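Accompanying notes for the structure given below.
The values are calculated or read from the model by the stated rules, or taken from the named source; none is laboratory data. From a predicted model like this one, the values you see are computed outputs, not experimental measurements. Glycine gets a Cβ as well: all are built from the backbone with ideal geometry, and neighbour counts include every protein chain shown. Side chains are part of the model used for accessible areas, which takes the heavy atoms of the whole protein and leaves out ligands, DNA and RNA. Shrake-Rupley method; radii C 1.70, N 1.55, O 1.52, S 1.80 Å.
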Amino acid sequence: MNNTNALAVIGLGYVGLPLAVEFAKHRPVIGFDIDAGRIVELRAGKDRTREVSAEEMGLANKLTFSDDPEALRAARIYIITVPTPIDAARRPDLGPLLRASETVGGVLSPGDIVIYESTVYPGATEEDCVPVLERASGLQFNKDFFCGYSPERINPGDKTHRLATITKVTSGSTPEVADEVDALYASIVTAGTWKAESIRVAEAAKVIENTQRDINIALINELAMIFNRMGIDSEAVLKAAGTKWNFLPFRPGLVGGHCIGVDPYYLTHKAEALGYHPQMILAGRRINDGMGSYVASQLIKALLKKRIHVDGAKVLVLGLSFKEDCPDLRNTRVVDVIRELQEYGVTVDVHDPWAEPGDALHEYGIRLIETPQAGAYDGIVLAVAHGAYRDMGAAALRGFGRAEGHVLYDLKHLLPRQESDLRL
């Protein structure tokens, strides 16, 4: 398929919008999203995710936005980039992916290619999505239409590792389609592509990328808890160990977001369906999911040691998004710390210069404060390493604490060790 063929991107979030913008520098692109408000904003050149600037959108002069499925009929290539979350029981929720597949199936024509970028367990594209496409279109897979899988590798908030500079894994449902899909992405990814031997291999490669990171962070989290009992600073240990050339530079912390804290459950779900009960992966998940409770308990102990009455204490949590300098609140584990502190009777104020107040209220029922009150808090938790907090420095941050005594807990090691009362 040449550059005159229209391409549609379904789902215009952190993954889909940068992809649509990059392709639209070379070919006609239809950016589709079911959120009509999102379409209005994008037409006005505003991106609430802050992944794409108005200037970048201006360069994508072949890009149109729509929330009307009929607009998709002009496309010959469809790229689906919708979220793949987990439900309350930590089971994969393919609902958004299957609904997007049904939408695309309703406009498919013979010869079209549907490419998935959403993270799934191996086999999901062909076993779960393809039947929906066939049923909605009345067409036959690998005869009338074809599929590809090219897992997203977007790192929200990262201005260095961008779409074009990250190697793209590609795959297709036939050897010929695999070549077409690979050539398609090679036209925009300067870092190059890696053509996997099958869709299932590409799916598996994606899901283990974040599973590997999750397990490594879980190890460091467990070590940090051990070193805390020993009275040893974990950061000092990690710096010393890091002098060996092959020591991996992971750090302890809250593991949230839509990837690392979610993807392992897709893999374990598929493994359990096949009769295998994963042990290491789920052990790592238990450790990381429990870090919010651990952080809260450490703060409570520190308050008690300073003879600060816990019930009715006031704590300021700085940062709510799942990572630094990013407005993304999906699956943030800072909320675990907040909820646990509230269980102790603590009043919690939350501040975040990046997060959208409406999103925080809608997703978690948390009302962000605009400006923390000076001298008002018994405890201050540096939960997210936003540059704004780093720039403030310890003296300004302690200015939020009560003059008669408070605890400053630095989860992200933003401050020198001697300038905080607690570090993870």
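Can you find a residue that is open to solvent by less than 10 Å² (accessible area, probe 1.4 Å), touching a Pro at 6+ places or on another chain (Cβ under 8 Å) and free of Cβ contacts under 8 Å to residues at least 60 places away in the same chain anywhere in region 261-271? Yes, there is a match, as at least one residue in region 261-271 is open to solvent by less than 10 Å² (accessible area, probe 1.4 Å), touching a Pro at 6+ places or on another chain (Cβ under 8 Å) and free of Cβ contacts under 8 Å to residues at least 60 places away in the same chain.
Scanning region 1-14 for residues that are more than 13 Å from LYS62 (Cα to Cα), open to solvent by 20 Å² or more (accessible area, probe 1.4 Å) and not small (Gly, Ala, Ser) returns MET1, ASN2, TYR14. Here ALA164, ALA178 are screened, and the one residue that is outside any loop (DSSP other than H, G, I, E, B) and closer than 21 Å to CYS259 by Cβ is ALA164. Out of the residues in region 113-154 that are of a type in the set (Lys, Arg) and in a loop (DSSP other than H, G, I, E, B), which is most open to solvent (accessible area, probe 1.4 Å)? Among those residues, the one meeting the criterion is LYS143. Here SER173 fulfils each of the conditions (1) small (Gly, Ala, Ser); (2) in contact with a Phe, Trp or Tyr (Cβ under 6 Å, 6 or more places away or on another chain); (3) closer than 30 Å to ASP289 by Cα apart from (3).
Contact map, region 230-242: residues that are within 18 Å of SER420 (Cα to Cα) paired with residues that are basic (Lys, Arg) and surrounded by 13 or more Cβ atoms within 10 Å (Cβ to Cβ), Cβ distance under 8 Å, separation 6+ or inter-chain. Pairs shown: ASP233/ARG423; SER234/ARG423; GLU235/ARG251; GLU235/ARG423. Say we look at region 366-386 and pick out the residues that are of a type in the set (Gly, Ala, Ser) and over 19 Å from PRO252 (Cα atoms); which of these is most open to solvent (accessible area, probe 1.4 Å)? So the residue we want is ALA374. Only residues that are open to solvent by less than 20 Å² (accessible area, probe 1.4 Å) and either assigned to a helix (DSSP H, G or I) or closer than 16 Å to PRO327 by Cβ (or both) were counted across region 19-56, and they come to 11. When we screen ASP359, ASP328, ASP336 for residues that are under 21 Å from the mean Cα position of the chain (by Cα) and outside any helix (DSSP H, G or I), the only hit is ASP328.
Of the residues making up region 389-411, none is more than 28 Å from LYS239 (Cα to Cα), open to solvent by 60 Å² or more (accessible area, probe 1.4 Å) and assigned to a helix (DSSP H, G or I). Here GLU209, GLU222, GLU197 are screened, and the one residue that is at pLDDT 95 or above and either among the small types (Gly, Ala, Ser) or within 24 Å of the chain's Cα centre (by Cα) (or both) is GLU222.
Output the residues belonging to region 342-365 that are under 24 Å from GLN298 (Cα atoms) and either open to solvent by less than 30 Å² (accessible area, probe 1.4 Å) or of a type outside the set (S, T, N, Q) (or both). GLU343, TYR344, GLY345, VAL346, VAL348, ASP349, VAL350, HIS351, ASP352, TYR364, listed by residue number.
What tally of residues in region 76-112 results from selecting those that are within 17 Å of GLU203 (Cβ to Cβ), open to solvent by less than 40 Å² (accessible area, probe 1.4 Å) and either in a loop (DSSP other than H, G, I, E, B) or touching a helix residue (DSSP H, G or I) at 6+ places or on another chain (Cβ under 8 Å) (or both)? Looking only at that region, the number is 9.
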